[in-house]
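Here you go, one structure.
The values are calculated or read from the model by the stated rules, or taken from the named source; none is laboratory data. The structure presented is a predicted model; accordingly, all values stated were derived computationally and were not measured. Using ideal geometry, Cβ is built from the backbone for each residue, glycine included, and neighbour counts are taken over all protein chains shown. The protein model used for the area step is the full one, side chains on, heavy atoms only, and it has no ligands, DNA or RNA in it. Shrake-Rupley method; radii C 1.70, N 1.55, O 1.52, S 1.80 Å.
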Amino acid sequence: MTGIKCPASGDCGYLNYCDVLNYCQHDPLWPVTAYTGMVYAISPILIGMGMVGGLGGGVLKGPIFMMMLNYDVKKATLLSYCLMFGGCITNTFQIMRKEHPYDEKRPLINYDIVLIFNCSIFIGSQIGSATNIFLPQLFGIIFLELFLIFIIRFLISKIQNLRKNNKIRKDSQESLINYRRTQDLSLAMLSVYDNTVVQQKSISEDSEVKTKRAKQLQSSISQINSFFPIRKILIIFVFFCVTQLIMVGGKQLGINFHNCFKVDYLLMIVLIIAFIPLTYWLFKRGQQEEQLRDEIKLFERERYYNSRSFIMVYCSGLLAGFVSGSLGLGAGLVMVPILLQLKVHPRVASATSGFTYFWIASNNFLKLLVEGLLDYELILSFTVIGLIGGSVFARIGYYLQEKYKLNSLSLIVVVILAFMNVIAGAWQLYYTHRLFGWETVLNLSFNC
């Protein structure tokens, strides 16, 4: 409950104390007690579970930091960034090496979807952070509870559908047959065009066009099959760098406005303007690639750059960023359900969300370091806990999922962690009211 005026009783709650200035402060990290040691031991297990479900450290904000360790909402959010970053480092390298459930030649991550997410998720996050200062704790918790309940109901229905009709296995077989047929066909097309060029002494314009088309098609297929598609990862990195250049670099200019109009708002507008041409270019590039795949009917179910699908994924990225920025958790709870709605395999949806989380985590972690929002002892300690969760317990989860063909495991994990946050939100509201009264919970004054 750091930063809140001590109540008349002087009781700031467990793991907190009242300082000489009459403000509540959290107990230091060291020495570790039996209770806090148990919580720190549980945390890597839960972060590992979250990684398997395509979630980040924010999902532990409620049950671990707010309910079990009794941190205030703001500090709980910052500490969850450390867990998220630590877990994402090792988890990202794991999922990048994993095979698609339809075919061992394809990566588990859908990089085409990640590209669209990165067009909007950083913008959504900045908008969420900007609106957060006007959101009283009561309204924030109510919004969080309603959001989580909706997600839980949606995912439970998806789990029931998976178990009912066993659609995944059928789709997997069909996709595998289609993959091999179209892969061989594309190679044959390229071979024919190349032979035509070699045999002819003077290459006609038509042959040149066909040869160029076939090579473009082959390049597109190689990008789909690549477990490390350099071009796509570079594009993602460009979006990330533009965000950091504007949001972090812009703050170093030292421009000051009115207290209620921070420089962040101006930088957010600049970021939106900068992303408009980048997003349009990405949309057109994706359409061209999908037109090439249409020529040989390659993965016809995987079309994300038509107007409808692109807008749906783009808006889900905005919503994921907004929820994450305003509530400090929930980006994965938006991305995974949206991808399931687009008929993406549950494991692919979780891995794609998990890879996107790496860039969200890097963004948040860089913000922690640049702005000095936490002391380095806390940053290092909880980052290491996240590293253990991502490298050990996430690996165990993936192993069980692959060995026993548990396609719905990632969804079950998401439901469990979302339910834990529902309980934590209700508890936080009750506990804050009991200690500090309704005035703290209903505080409507702007934090500027």
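Of everything in segment 370-406 that's of a type in the set (Ser, Thr, Tyr) and in a helix (DSSP H, G or I), which residue is most open to solvent (accessible area, probe 1.4 Å)?
TYR376
For LEU319, are the conditions met, namely being open to solvent by 10 Å² or more (accessible area, probe 1.4 Å), closer than 24 Å to GLU145 by Cβ and not acidic (Asp, Glu)?
Values: open to solvent by 10 Å² or more (accessible area, probe 1.4 Å): yes; closer than 24 Å to GLU145 by Cβ: yes; not acidic (Asp, Glu): yes.
Yes, satisfied.
Assuming ILE42 fulfils every condition listed in (1) surrounded by fewer than 23 Cβ atoms within 10 Å (Cβ to Cβ); (2) modelled with pLDDT of 85 or more; (3) closer than 30 Å to ILE221 by Cα apart from one, which condition is it?
(3)
Small (Gly, Ala, Ser), more than 26 Å from ARG106 (Cβ to Cβ), open to solvent by 10 Å² or more (accessible area, probe 1.4 Å) and over 23 Å from the mean Cα position of the chain (by Cα): is that true of GLY325 in this structure?
no
Oh, and also: Can you tell me which residue in segment 407-433 is modelled with the lowest pLDDT, limited to those that are farther than 24 Å from ILE95 by Cβ and open to solvent by 50 Å² or more (accessible area, probe 1.4 Å)?
Ranking the candidates gives HIS433 first.
Within segment 80-134, take every residue that is part of a loop (DSSP other than H, G, I, E, B) and over 21 Å from PRO229 (Cβ atoms) and give me the one that is farthest from the chain's Cα centre (by Cα).
Within segment 80-134, the match that is farthest from the chain's Cα centre (by Cα) is PHE134.
Is it the case that some residue within segment 228-248 is surrounded by 15 or more Cβ atoms within 10 Å (Cβ to Cβ), assigned to a loop (DSSP other than H, G, I, E, B) and at pLDDT 85 or above?
yes
Six or more apart or on different chains, Cβ under 8 Å: which pairs go from a residue in segment 146-158 that's outside any helix (DSSP H, G or I) to one that's aromatic (Phe, Trp, Tyr) and open to solvent by less than 80 Å² (accessible area, probe 1.4 Å)? Could you list them?
That search, which allows pairs on different chains as well, returns nothing.
Taking LEU292, is it of a type in the set (A, V, I, L, M, F, W, C) and either more than 23 Å from THR77 (Cα to Cα) or outside any helix (DSSP H, G or I) (or both)?
Taking the combined requirement at face value, the residue satisfies it.
Same structure, new question: Looking only at residues in segment 3-29 that are hydroxyl-bearing (Ser, Thr, Tyr) and assigned to a loop (DSSP other than H, G, I, E, B), which one is most open to solvent (accessible area, probe 1.4 Å)?
Among those residues, the one meeting the criterion is SER9.
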